[in-house]
Amino acid sequence: MPNKDKIVRVPIGPQHPALKEPESFMVDLQGERISSVALRLGYNHRGIEKGCEERTYVQDVYLIERVCGICSHSHSTAFVQAVEEIAGLELPRRAKYIRTLIGELERIHSHLLWLGVAGHEIGFDTLLMYTWRDRELVMDLLAELTGNRVHYAMNVIGGVKRDVALDQYARILSVVDALEERTKYYIELAMTEETLAQRLSGVGYLSKADAERLGTVGPTARASGVDRDTRRDDPYASYDELEFQVITDERCDVFGRTVVRLGELMQTYSMIRQILKQMPDGPISVKAPLRIPAGEAVGRYEAPRGEDVHYVRANGTDKPERVKVRAPTLANTQSVAKMLEDGYLADLPIVVAAIDPCFSCTDRMIGVRGAGGAKVMNWEELVQYGVRWHRERGVDLSSLKMRGDVTA
Amino acid sequence: MTVGTAVLSILVFPGFLFLVVLGLAGEFVDRRLYARLQNRQGPPWYQPVADMLKLFGKEDVVPEEADRRVFNLAPVFALAAVVAASLYIPLWGTQALLPFDGDLIVVVYLLLIPTLTFFLGGWTSSSVFATLGAMRAITQVFAYETPLLVSLLAPALLANSWSISGIAAYYSAHPWLWAVNLIGFGVALVALLGKLERVPFDIPEAETEIVAGVFTEYSGRRLAFFRLAIDCEAIVGASLVAAIFLPFGLGLAPWLGILVYLAKVLFVLAVLALLRTLFARLRIDQMIAFCWKVLAPIAFLQVLVNLIVRELI
């Protein structure tokens, strides 16, 4: 029996087998129980927003798609929606339908991927192998429709790049039928498998009040009873012409998040059938100007992980003045610390995984941390810091020409 | 038995070398079955050997703060204890290599040593993950060891012998009494999962929480020794369960006896692989609650049944 007062500090991350991306959870343990968690992001900042300002809108669509390797269509759609709003483009209906179709197929592959990861985190590798096998169906389908498995490159400003041929409808429907059968099996499994229920029920509790206070989004919020879904609340693409339910759950735990995602999968299958039935004929894009007139807009998109928000400010040139990406994970990270309160170390991986985190997509800022804690630097300070750092080590860089006046 | 043949049988057949070959083959069977049950291809037959050779060729790092002596000796002790245990278990026929009265207790004790070495190795390697793994390993021992021991004691009570060879001989003479011990067989299999640290009881090495648990700081040769010890432990555990709970075909010709023995071990390994496919990993508190509230009472029920049956016959 460990000493009750003795606290063991366990570093989960930045490199750890439970994490697919670098982030850090400094966990203080009393025995097997968590007494506090310090969360730290920022290990994978890629400078995408700055990169967008340096490139043209056409190139930006390509870059923005690479914010995330799972919900790539979500990010590119949110971005082009904002740009189209500034440019005042009215999309052909068929383009909207194809965007919705790819978006929903992406949701299938993302949710199945999540289910497998969740299984792996609680040591249920059989579930991982099964779901990822089934996921191959939709991945193959996406590759067939778009040419790529992950970065579909379907969006262009003013529409989509490829049409969906009539003979592909049957193929899509057969995949949807097959996956619906599998999803029903997983729902039954989740409801009846004892060890699964034991590991998920009551774990990572987040009350409705906390979910709202912490600004939680997506399935994580909906599993805490927050009835919020951008697809219904602020319809984009062709969601206003589709019938679907927003799945919510009152369990507020990881089990609820599983149930919500499985329920959303069933809704998605029905939506895809509606899309194929209602798909109008016509062109798939309108011509977009290279120079976007000055203005600003926000693109909202219900990604598989929650609401994805892109802000774009245009200044009349062919490059945006500012692009801001708020990935859904950023909205959900705050709630993780709350969920982990007084939990078990064994539950940490599944609680973190249950928000379906995508930390690389979230990282936006560099914080330099010394003995005095966090410090935010602007460009000049950063240059001076670098010059000073090198000078202390015998290298003088102050004569180099840099942006900003260097007088360190 | 002369000294020469004794040394030969301890080191080669059916001792150390035989056990190692069987252990590696057993690992292959387990991984292959696990993979096929998960709809995967699984590794080729030589994969466990290749893994072992690779580990033996790798750099062997000892953490600076670790207690070198304990850290180095733990893997060797683990393997030695398992091999020693195999000498008291009748593999085919009803006679073990070195049977004596009371060897059942000795075998259970020897099979406990690997877990203790995991604890010591993990504890002394001074890494926080290994320390946590060590704590969990030792906590887990207190959960599964009692049901395991009790489930093995019940058949011994009925056979009125403390020697595994004696138990095997008794059930060989009264073939239908094995059916009385079915509950104990189930308990022993589940407890064996705990001993071998497999899903749902792989808590001490839960990779998504504590990296590789007690083995986090082990590498190269020492890790290979641990791996080998676990492989052999699976075989010895399966042999023990087979000798006590599956007393069939013990009086056959040696070559046929070996085949029957291999079939029994294969059967036990297959059941273990199936079980670890079916479940998610439990939490340590759930595991302890399960072992004490469910598994132990069932094991004691078996003892009660066997006491009653003993009065009846």
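Cβ-Cβ distances below 6 Å connect the following pairs, each with a first residue in the range A:195-221 that is in contact (Cβ under 8 Å) with a residue 12 or more places away in the chain and more than 18 Å from residue A:265 (Cβ to Cβ), a second residue that is among the polar types (S, T, N, Q) and not in a helix (DSSP H, G or I), and a separation of six or more residues or different chains: A:206/A:224; A:208/A:224; A:211/A:224.
Conditions (1) outside any helix (DSSP H, G or I); (2) within 10 Å of chain A (Cβ to nearest Cβ), marked per residue:
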residue	(1), (2)
B:252	yes, no
B:256	no, no
B:275	no, no
B:282	yes, yes
B:290	no, yes
B:294	no, no
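Residue count for the range B:78-95 satisfying the condition of being buried (at least 23 other Cβ atoms within 10 Å of the Cβ) and within 18 Å of residue B:254 (Cβ to Cβ): 5. All conditions but one from (1) among the basic types (Lys, Arg); (2) part of a helix (DSSP H, G or I); (3) within 14 Å of chain A (Cβ to nearest Cβ); (4) within 24 Å of residue B:37 (Cα to Cα) apply to residue B:198; the one that does not is (2). Only one of the numbered conditions (1) surrounded by fewer than 16 Cβ atoms within 10 Å (Cβ to Cβ); (2) within 26 Å of residue A:113 (Cα to Cα); (3) over 21 Å from the mean Cα position of the chain (by Cα) is violated by residue A:12, and that is (1).
Checking the conditions here, which among B:238, B:270 is more than 14 Å from chain A (Cβ to nearest Cβ), touching a residue at least 24 places away in the same chain (Cβ under 8 Å), under 30 Å from residue B:174 (Cα atoms) and surrounded by 17 or more Cβ atoms within 10 Å (Cβ to Cβ)?
Result of the check over B:238, B:270: B:238.
Where in the range A:27-132 are there helices (runs of 4 or more DSSP H), lying fully within it, with 1 or more residues that are within 14 Å of another protein chain (Cβ to nearest Cβ) and closer than 25 Å to residue A:330 by Cα? First the steps, then the outcome.
Numbers: elements: A:48-53, A:57-65, A:72-87, A:93-121.
Qualifying helices (runs of 4 or more DSSP H): A:93-121.
Which ones in the range A:184-215 are closer than 16 Å to residue A:114 by Cβ and either among the charged types (D, E, K, R) or touching a strand residue (DSSP E or B) at 6+ places or on another chain (Cβ under 6 Å) (or both)? A:199 - this is the single residue of the range A:184-215 that is closer than 16 Å to residue A:114 by Cβ and either among the charged types (D, E, K, R) or touching a strand residue (DSSP E or B) at 6+ places or on another chain (Cβ under 6 Å) (or both).
Let me confirm something: among A:172, A:187, which residue is in contact (Cβ under 8 Å) with a residue 60 or more places away in the chain, surrounded by fewer than 18 Cβ atoms within 10 Å (Cβ to Cβ), touching a helix residue (DSSP H, G or I) at 6+ places or on another chain (Cβ under 8 Å) and of a type in the set (A, V, I, L, M, F, W, C)? Write out each step before concluding.
Working: A:172 fails: surrounded by fewer than 18 Cβ atoms within 10 Å (Cβ to Cβ).
Checking each option against the conditions leaves just A:187.
Screening the candidates B:153, B:157 for the property of being farther than 19 Å from residue B:112 by Cβ, of a type in the set (A, V, I, L, M, F, W, C) and surrounded by fewer than 22 Cβ atoms within 10 Å (Cβ to Cβ) yields one hit, B:157.
For a quick check of your reading: which helices (runs of 4 or more DSSP H) sit entirely within the range A:142-237 and have at least 2 residues that are assigned by TED's automatic domain parsing to the domain that holds residue A:78 and over 21 Å from the mean Cα position of the chain (by Cα)?
Details: elements: A:167-192, A:194-200, A:208-213, A:218-222, A:230-233.
Hits in the range A:142-237: A:167-192, A:194-200, A:208-213.
Evaluate the range B:214-229: report whether one residue or more is within 14 Å of another protein chain (Cβ to nearest Cβ), of a type outside the set (A, V, I, L, M) and crowded, with 23+ Cβ neighbours inside 10 Å. Checked against the condition, which is being within 14 Å of another protein chain (Cβ to nearest Cβ), of a type outside the set (A, V, I, L, M) and crowded, with 23+ Cβ neighbours inside 10 Å, the range B:214-229 yields at least one hit.
In the range B:281-293, the qualifying residues are those that are more than 21 Å from the chain's Cα centre (by Cα) and surrounded by 13 or more Cβ atoms within 10 Å (Cβ to Cβ), and the one that is modelled with the highest pLDDT is B:289.
A count restricted to the range B:117-152 and to residues that are in contact with a Cys (Cβ under 7 Å, 6 or more places away or on another chain) and either outside any helix (DSSP H, G or I) or within 14 Å of chain A (Cβ to nearest Cβ) (or both) stands at 1.
Going by the structure shown, is residue A:154 away from every other protein chain (no Cβ under 14 Å), within 27 Å of residue A:332 (Cβ to Cβ) and touching a strand residue (DSSP E or B) at 6+ places or on another chain (Cβ under 6 Å)? Walk me through how you get there before you give the answer.
Numbers: away from every other protein chain (no Cβ under 14 Å): yes; within 27 Å of residue A:332 (Cβ to Cβ): yes; touching a strand residue (DSSP E or B) at 6+ places or on another chain (Cβ under 6 Å): yes.
Yes; evaluated as a whole, the condition is true for this residue.
For the range A:214-266, the tally of residues that are charged (D, E, K, R), under 18 Å from residue A:327 (Cα atoms) and surrounded by 18 or more Cβ atoms within 10 Å (Cβ to Cβ) stands at 4.
Give the residue, chosen from A:304, A:320, A:293, that is over 29 Å from residue A:164 (Cα atoms), of a type outside the set (S, T, N, Q), buried (at least 23 other Cβ atoms within 10 Å of the Cβ) and in contact (Cβ under 8 Å) with a residue 40 or more places away in the chain. Break it down stepwise before answering.
Numbers: A:304 fails: over 29 Å from residue A:164 (Cα atoms); A:293 fails: buried (at least 23 other Cβ atoms within 10 Å of the Cβ).
Step by step, each of A:304, A:320, A:293 is checked, and only A:320 is over 29 Å from residue A:164 (Cα atoms), of a type outside the set (S, T, N, Q), buried (at least 23 other Cβ atoms within 10 Å of the Cβ) and in contact (Cβ under 8 Å) with a residue 40 or more places away in the chain.
In the range B:4-15, the residues that are polar (S, T, N, Q) reach residues that are surrounded by 13 or more Cβ atoms within 10 Å (Cβ to Cβ) with C-beta atoms within less than 9 angstrom, at least six apart or across chains, in these pairs: B:9/B:15; B:9/B:87; B:9/B:97. Candidates in the range A:15-26 are the residues that are crowded, with 19+ Cβ neighbours inside 10 Å and touching a helix residue (DSSP H, G or I) at 6+ places or on another chain (Cβ under 6 Å); of these, the one that is nearest to the other protein chains (Cβ to nearest Cβ) is A:18.
Looking only at residues that are surrounded by fewer than 22 Cβ atoms within 10 Å (Cβ to Cβ) and not charged (D, E, K, R) in the range A:341-354, which one is nearest to the other protein chains (Cβ to nearest Cβ)?
First, pick out the residues of the range A:341-354 that are surrounded by fewer than 22 Cβ atoms within 10 Å (Cβ to Cβ): A:341-344.
Filter once more, so that each one left must be not charged (D, E, K, R): A:343-344.
Numbers: A:343: 10, A:344: 6 Å.
Once the filter is applied, the top-ranked residue is A:344.
Conditions tested, residue by residue: (1) in a helix (DSSP H, G or I); (2) modelled with pLDDT of 90 or more; (3) in the same structural domain as residue A:83 (by TED's automatic domain parsing).
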| residue | (1), (2), (3) |
| --- | --- |
| A:281 | no, no, yes |
| A:290 | no, no, yes |
| A:301 | no, yes, yes |
| A:309 | no, yes, yes |
| A:312 | no, yes, yes |
| A:331 | yes, no, yes |
| A:339 | yes, no, yes |
| A:347 | yes, no, yes |
| A:350 | yes, no, yes |
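Condition first: buried (at least 24 other Cβ atoms within 10 Å of the Cβ) and aromatic (Phe, Trp, Tyr). Can you find one or more residues in the range A:59-77 that meet it? No.
Checked against the criterion of being of a type in the set (Lys, Arg) and assigned by TED's automatic domain parsing to the domain that holds residue A:324, the candidates A:55, A:40 yield just one match: A:55. No other residue among B:66, B:80 is away from every other protein chain (no Cβ under 14 Å), small (Gly, Ala, Ser) and assigned to a helix (DSSP H, G or I) apart from B:80.
The values are calculated or read from the model by the stated rules, or taken from the named source; none is laboratory data. Being a predicted model, the structure only gives us computed values, none of them experimental. Glycine gets a Cβ as well: all are built from the backbone with ideal geometry, and neighbour counts include every protein chain shown.
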